[in-house]
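For reference, the structure discussed in these notes is given below.
The values are calculated or read from the model by the stated rules, or taken from the named source; none is laboratory data. On a predicted model such as this, the values are computed, not experimentally measured, just so you know. Neighbour counts are summed over all protein chains in view; Cβ atoms, including those assigned to glycine, are modelled from backbone coordinates with ideal geometry.
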Amino acid sequence: MKRENKEQIVGDVAEITGRAGGLFFTDFTGLTVEQMTELRREFRKSGVQYRVVKNTLIRKALEKLGGFDSVISKKLVGPTGVAFAFDDPIAPARIIQKFADKSQKLKLKICVIEKEVFDGSRLKEIASMPGRKELMASIAGSVVLYGGLDKHGVVLDDLWFLDLVDTPADWLQLETSTPIGGRVGASMMSTGFTDQVVIVGGTDGVDATASSFLIDFGKGHVFFSEAPSFVHPRAGAAATFDGVRPIVVGGEQTSTLDACEPNGINLD
């Protein structure tokens, strides 16, 4: 292969990688031409691009982006096919799991979901995560719960939702990335987008906090990101969304429950 052709492939792979929310590096050793054709067809149906690329070129493409290239490079041994996911970063995992069960040949070496690296041995776990469509359908008719106290007084940091659409309704614990730590008495509300809620304030069991976080359900994998802090530490406040911005009322700043004027959080 000519040098200019290699440089073109490296540039293309780097560009696609930069846009993808999910990267799945597979070993397709033993798959027949018919099986590879079927695999590519299933990926296309889910909006996933699948490319077979030489390991040396993949390494160079990852080096251009930086971040996790050294971790992935160790896994780039033997034939490698890369699945690039955009709308639903979890989608390739379900397809790879399906073909792995069917052929006993397709294997996952390693994957990156929203910049979080997972070893290929966790394929079954990742494939069982709810995808973007499943999350959107569930969040639209659900109750979201974050943190609280257990019966021993331990501050919790897990995320749950109760699906009120399906029968019977049941609580489901969600896999999260970058958890914000345990919270008690935090306010939670919609941001006006169907795939986001915001957590405001709360306490770690000792001190109230003013920090705020967005929980984004729209990436296939639940993702926490920091939002602008509230005007001062606040726990146990009432909260709602007025169609333009979240509104927080009352709550406890220290040891006294205050009845305060409404305050808004600008998320722009």
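Within segment 11-27, is even one residue out of contact with any Pro (no Cβ under 9 Å at 6 or more places or on another chain), closer than 19 Å to Glu125 by Cβ and free of Cβ contacts under 8 Å to residues at least 24 places away in the same chain? No - not one qualifying residue is present in segment 11-27. Could you check how many residues of segment 77-131 are in a loop (DSSP other than H, G, I, E, B), touching a Phe, Trp or Tyr at 6+ places or on another chain (Cβ under 7 Å) and aliphatic (A, V, I, L, M)? Number of matching residues: 1.
If a residue has to be over 12 Å from Leu62 (Cα atoms) and either in contact with an Asp or Glu (Cβ under 8 Å, 6 or more places away or on another chain) or loosely packed, with under 13 Cβ neighbours inside 10 Å (or both) to count, how many in segment 11-37 make the cut? Summing the residues that are over 12 Å from Leu62 (Cα atoms) and either in contact with an Asp or Glu (Cβ under 8 Å, 6 or more places away or on another chain) or loosely packed, with under 13 Cβ neighbours inside 10 Å (or both) in segment 11-37 gives 9.
The single condition from (1) surrounded by fewer than 16 Cβ atoms within 10 Å (Cβ to Cβ); (2) under 21 Å from Glu125 (Cβ atoms) that Leu65 fails is (2). Of the residues Ala210, Ala237, the single one that is farther than 30 Å from Cys111 by Cα, out of contact with any strand residue (DSSP E or B) (no Cβ under 8 Å at 6 or more places or on another chain) and either modelled with pLDDT under 70 or aliphatic (A, V, I, L, M) (or both) is Ala210. Restrict the check to segment 174-195 and report whether at least one residue is within 25 Å of Ser128 (Cα to Cα), in a strand (DSSP E or B), modelled with pLDDT of 75 or more and of a type outside the set (A, V, I, L, M). No: zero hits.
May I ask you to list the residues in segment 8-56 that are acidic (Asp, Glu), assigned to a helix (DSSP H, G or I) and under 13 Å from Leu106 (Cβ atoms)? Correct list: Glu38, Glu42.
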